[in-house]
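Q: Structure provided below as structure tokens; questions to follow.
Values in this text are rule-based calculations from the coordinates and carry no lab data. Keep in mind it's a predicted model, so treat the numbers as computed, not measured. In this analysis, Cβ positions are derived from the backbone assuming ideal geometry, glycine residues included, and neighbour counts consider all displayed protein chains.
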Amino acid sequence: MRRLPTSPGLDERGLQRALERLREVVRARGLKNSSVREIIARAALTYEGHFSIDDLVRGLRGDALVDAHPATVYRVLPLLVEAGLIEATLVSSKAGSRYERCFEREHHDHLVCTKCGTVVEFCFEAIEVLQRDLAERFGFELTGHVHELFGTCRPCKQSDKASGGATHGRAPSR
Ligand SMILES: [Zn+2]
Ligand SMILES: [Zn+2]
């Protein structure tokens, strides 16, 4: 079992590979290349951690090209998913689903604290093997899975004990 470090975001060369992949999908769809789309792709690919669409819109605020059109961000994200650059994550979280970069990043699953929102990203090969084994037994060919565990992280548990219920003051990290 390994805990993954926080995603640092893609470097410039990785970004170029990702944008090339996006351009292929755009071409195959018969769409035109657009610099606004690529600005949004860059923002998504360099975002550290998990983000909601609103997080991304907020991060792009001040960019003259994108500023006026948050709707554009909503339109572009499915294309980034289709190109395999980002994927939906934390889909069963009460706070609403998030996105994260999956391009050139290894598969991982999530532990989520329901009190403060802390997310631990882990890769547990034993669980991966069991899931593949289980699917095989039912004659399923797996195309993907979402594995999310909910609970209370250690600091929340400790401050619960200390104060009899209140959460600790740490801001949620995503
Ligand atoms: Zn997994
Ligand atoms: Zn993640």
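Q: Hey, what angle do you get for helix 70-82 against the long axis of the chain, alpha-carbon based, 0 to 90 degrees rounded to 10?
A: Between helix and principal axis, roughly 80 degrees.
Q: Pairing the Cα long axis of helix 12-28 with the longest principal axis of the chain, what angle in degrees results, from 0 to 90 and rounded to the nearest 10?
A: 60
Q: Okay, moving on. Using only DSSP helix segments of four residues or longer, with each worth -39500 (n - 2.57), what per-residue ellipticity at 222 nm results for the chain after dividing by its residue count and rounding to 500? Each step should come with its number before you reach the end.
A: Details: 7 runs with 77 residues, N = 174.
So the helix-based figure for the chain works out to -13500 deg cm²/dmol.
Q: Still on this structure, please answer the following. With the chain treated as a Gaussian network of Cα nodes joined by springs under 10 Å, which of 31, 149, 15 yields the largest mean-square fluctuation?
A: Highest fluctuation among the options: 31.
Q: Less than 23 Å apart at the alpha-carbon level, and either on another chain or at least 8 residues along: which lysines does that give for residue 161?
A: By straight Cα distance, residue 161 reaches 115.
Q: Taking amide hydrogens as modeled 1.01 Å from N in the peptide plane, which residues meet the under 5 Å criterion relative to residue 89, leaving out close sequence neighbours?
A: Here 98, 99, 100 satisfy the definition.
Q: Where is the GNM fluctuation largest for the chain (alpha-carbon springs, 10 angstrom cutoff): 34, 92, 52?
A: 34
Q: Now a separate question. Excluding residues on the same chain fewer than 8 positions from residue 94, give the aspartates and glutamates whose Cα lies under 20 Å from its Cα.
A: 54, 55, 109, 121, 148
Q: Among 90, 142, 60, whose mean-square fluctuation peaks in a Gaussian network model of the chain (Cα, cutoff 10 Å)?
A: 142
Q: Apply the Karplus curve 6.51 cos²θ - 1.76 cosθ + 1.60, θ = phi - 60°, to the phi angles in segment 93-100 and return the couplings in whole Hz, x for Gly and Pro.
A: 6, 5, 6, x, 6, 10, 10, 8
Q: To continue, here is another question. Are there cysteines in the chain with no second cysteine's Cβ under 4.7 Å away, and if so, which?
A: Taking the Cβ cut-off of 4.7 Å, the unpaired cysteines of the chain are 102, 116, 123, 156.
Q: Here's another thing I want to ask about it. Specify whether the C-alpha gyration tensor of the chain places it in the rounded, prolate or oblate class, a ≥ b ≥ c being the square roots of the eigenvalues: rounded for a/c under 1.5, otherwise prolate if a/b is larger than b/c and oblate if not.
A: Details: a/c = 2.37, a/b = 1.32, b/c = 1.79.
Oblate is the answer for the chain, as a/c is 1.5 or above yet b/c matches or exceeds a/b.
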